[in-house]
Amino acid sequence: MSEAQPKPKSKISASRRLFLKTKLVKKAMAMLMAEKEQKVIDRESTLSERVPGLNLSGLSVQDLQTLCKELHQKIDVVDEERYDIAMKVSKSDAEIENLTMKIIELKGKKRPQLKRVRVSAEAMMGALLGAKIKESVDFKANLKTVKKEEEKKEEVTDWRKNVDAMSGMEGRKKMFAAS
């Protein structure tokens, strides 16, 4: 139907095109350098506004040590906050990974191959029920044990025989009856 039409020839000569490209690159380099210088100036002005310069001259050794201790305490606080944030991020990443696996499962796509791992029954129940808190489950307590109990059926007999058996007279009666 439509054949490949040849590109129309450019009206700009190759030397003119090269000249324009180099001019563009030079302009971009000049803009990049100006942007870098502006960032340095902005950073210095921001730091001078927010953080006053340290005047360490005229401070005694004791003052310098207290200043260092304060700085170390502030650094420790920031490190703890950074660690807390890192833990939250790692938990969020794990949750995101878990949710993406569930999404893949719901879409019906094939899940990636997992290694076979032996898991205890408690861990399986925790995974199935989605329990976040580890609770030990006593499965034996939940099972009903079936014991075969032999029911002792009481023989219905004369009450006098029970009384004789209790008093020990039954044995003597048999002895007298045999003689």
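The values are calculated or read from the model by the stated rules, or taken from the named source; none is laboratory data. Predicted, not measured: the structure shown is a model, and the values here were computed from it. These area figures cover heavy atoms from the full protein model, side chains too; ligands, DNA and RNA do not enter into them. Shrake-Rupley method; radii C 1.70, N 1.55, O 1.52, S 1.80 Å.
I'd like to check one number: the per residue accessible area of the stretch 1-135, probe 1.4 Å, reported in Å² as a whole number.
Values: 13940 Å² over 135 residues.
Accessible surface, normalised per residue, equals 103 Å².
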Requested in this report: Take the alpha carbon atoms of the stretch 1-60, find their center, do the same for the stretch 62-104, and report the distance between the two centers in whole angstrom.
Outcome: 35 Å
Requested in this report: With a/c under 1.5 counting as rounded, go ahead and sort the stretch 1-101 into rounded, prolate or oblate using the C-alpha gyration tensor (a ≥ b ≥ c being the square roots of the eigenvalues; past the cut-off, prolate if a/b is larger than b/c, else oblate).
Outcome: oblate
Query raised in the report: In sequence order, what are the phi-derived ³J(HN,Hα) couplings for the stretch 17-27 according to the Karplus relation 6.51 cos²θ - 1.76 cosθ + 1.60 with θ = phi - 60°, rounded to whole Hz, with x for glycine and proline?
Result: 4, 4, 4, 5, 5, 5, 5, 5, 5, 5, 5
